[in-house]
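Trainee: Can you read through this structure? Questions will come right after.
The values are calculated or read from the model by the stated rules, or taken from the named source; none is laboratory data. It should be emphasised that the depicted structure is a prediction, and the values quoted were computed from it without experimental measurement. No Cβ is skipped: glycine too gets one built from the backbone with ideal geometry, and neighbour counts run over all protein chains shown. Calculation scope for accessible area: heavy atoms of the full protein, side chains included, ligands and nucleic acids excluded. Shrake-Rupley method; radii C 1.70, N 1.55, O 1.52, S 1.80 Å.
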Amino acid sequence: MVRDTSVSSKILTGVVHIILFFVLIATLFPILHIIAISFSHANEVRQRNVILLPRRSTLLAYKTILTDKYIPRSFLNSVLITAIGTSINLLITGLLAYPLSKNDLPFRKTVMIFIAITLFFGGGLIPLYLLVLSLGMHNTWWALVLPGAVGTFNLIILISFFKSVSPELEDAARIDGADYLYIFFRIVVPLSKAAIAAIALFYAVGHWMSWFGPYIFLTDKKKFPLQLMMMLTILQYRAAQSMADRGNEEALLQYYRDRPLNAESIQYATLVFGLLPMLIIYPFAQKYFVRGVMIGSLKA
Amino acid sequence: MLIPGILYYIIFHYVPIYGILIGFKDFKLMAGRSYLRMVMEAPWVGFKHLESFFRAPNFWQLVRNTFLLSFFSLIFGFPAPIILALALNEVRARFYQRFVQTVSYLPHFLSLVAVVGMMKLMLSPSTGFAATVITWFRGEPLYFFNMPQWFRPLYIGSGIWQGAGWGAIIYLAALAGVSVELYESAVIDGATRLRQIWHITLPTIKPTIVILLILSFSGLFRVGAEKVLLMYSPATYETADVIATYVLRRGLLQQNFSFGAAVGLMNSVINLILLVTGNYVAKKISGQSLW
């Protein structure tokens, strides 16, 4: 590409580089800083010596959370909820999308309108909450997995993808005596791997990040997913800090004296613990995330 | 084959709509009765709940907070991905561009809990980095997270931190499609890079910008309760409490179900109106629209 090299061009380049540099720092610094603190001795942290690298590194904070009654379990819970939830998502979305992708389905228009309406208008949180309650799903994982079983956008993506599967293949299979379910699972699905993978990713990320559903529907701490556990841990200390705010230094010091030395380190460690899976997966998976969005937005 | 899917929609989308009725009734939760019967048997009270919402002492405060939060998020948050995309587009070294881009949308994949958690920890007056920096300048660290006047900047700032990189993807995708000849002929005509950007790059993404802008406008009342819920505390209610969180507290946690349903309905309707209006306006202005 031919570009000019006038003064204004040089200034522009400078500005661009400043912006990008700022973006890099702003994005990476908080994460590295927090990781550093989580590995540091509490006294160093209080003296504000820890900026990017740990000081007097210690694994005590991590040991504490890994031996905690609920925190490691919440990680497992999240994994399970994500796995089960996504499977249900894919199954129901897929089963719904396939017939809808056939233009000769009777009442197809009606069903599509039926579904489209839910995109714009819904009962709201309270009716949903009451419904879940009365179905006996309160404090179970069903409440987290069923109400969101089909994401309408994902459904639409899947429908358009299924449409692009060549009808000749299906006709050939029909002639050989296959029924709809067989065709669906053995032919259409393997051909749509890309779209299914993209949708699976969306659903999975949604499950992994969810904390609000669990917050209102679950009461048994043993069932809490990771994000909710994180929220409670970092919020739990809120009481102490509000006390400091009102000038009640006494109570604050007392609060920390009664806790293990590295009280705040636990919060930091929990945060890193929760971030870790995403941070590790990210470099490898981000390509697929982006691809998934591209597929989605193109179809839309 | 359709049955599970359709069942799902009926149960989880249409039945709750029936539940909206309780917004106009005095709904009481009774043990051992089915949901449908409970809704049917509750007495009608007309608009009583909506009225009590409008008469709430902090009604205008809620509306103001909701509106200002989305409005400022829009003003500050909308240009950020565009600027980032433009900046990234100007970089010639492929590797550097890819690298910065990938790093920039990392925050989008961190959960909301993680991001708010990071914010809270870094702002803590005792151990947070913000406090550290302030002490370097000999200032007194404050507990920003707990101060109402800081709520909006923090909410919006963290929103930009999380969303700018991801938002830039869409613009970059559009920019990638610009033909190189356009640029070359512009250079031959003696255009500086700034002018190139103004006359070629920006118009290319104009349609995308318009659609996204319209979509954002129509979501103006839609401040999701999630992030505010994570960030607020009684100390910050005066700027942080939005309609959604108030309804959550009064409707769900205090079990005023009818109240919650009524306001929820009102919210849905307003959002719907905004969405349709926004789309209509978009069509009129630029021929681009959602459908």
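Trainee: Show which lysines lie in cross-link reach of A:Lys163 when reach means a straight Cα distance below 21 angstrom and same-chain residues fewer than eight apart are skipped.
Mentor: Candidates past the 8-residue exclusion: A:Lys102, A:Lys109, A:Lys193, A:Lys299.
Trainee: While we're here: For the full complex of protein chains and a 1.4 angstrom probe, list A:Tyr129, A:Tyr70 by accessible area with the highest value first.
Mentor: Most to least solvent-accessible, the answer reads A:Tyr70, A:Tyr129.
Trainee: What lysines could a cross-link reach from B:Lys120, if we take a straight Cα to Cα line under 17 Å and drop same-chain neighbours fewer than 8 places away?
Mentor: B:Lys227
Trainee: To continue, here is another question. Using the Cα atoms as the points, what is the convex hull volume per residue of the stretch A:44-94 in Å³?
Mentor: Hull volume normalised by residue count: 124 Å³.
Trainee: If you take the C-alpha gyration tensor of the stretch B:60-153, multiply each eigenvalue by 5 and take the square root, what semi-axes do you get, largest first, in whole Å?
Mentor: One finds semi-axes of 29, 22, 13 Å for the stretch B:60-153.
Trainee: Ignoring ligands, DNA and RNA, please state the percent of accessible area on the stretch A:9-134 from carbon and sulfur, probe 1.4 Å.
Mentor: 73 percent
Trainee: While we're on this one: Could you tell me the calculated FRET efficiency between A:Thr152 and B:Glu181, based on Cβ-Cβ distance and R0 = 60 angstrom, to the nearest 0.05?
Mentor: In this case the efficiency is close to 0.90.
Trainee: Let me ask you something else. What is the angle, in °, between the Cα long axis of helix A:71-100 and the longest principal axis of the Cα atoms in chain A? Nearest 10 is fine, range 0 to 90.
Mentor: Compared with the principal axis, the helix lies near 20 degrees.
Trainee: Straight-line reach only, C-alpha to C-alpha below 29 angstrom: list the lysines that B:Lys48 could link to, leaving out same-chain residues fewer than 8 apart.
Mentor: Cross-link targets: B:Lys25, B:Lys28.
Trainee: Buried accessible area between B and A (1.4 Å probe, both chains summed, ligands and nucleic acids excluded), in Å² to the nearest 100?
Mentor: Chains B and A together bury roughly 8400 Å² of accessible area.
Trainee: How far apart, in nm, are the 7 Å Cα→Cβ label points at A:Leu80 and A:Leu279?
Mentor: So the two model labels end up 2.7 nm from each other.
Trainee: Hey, another quick one. With a 1.4 Å probe and all protein chains left in place, how much accessible area per residue does chain A have, in Å²?
Mentor: 50 Å²
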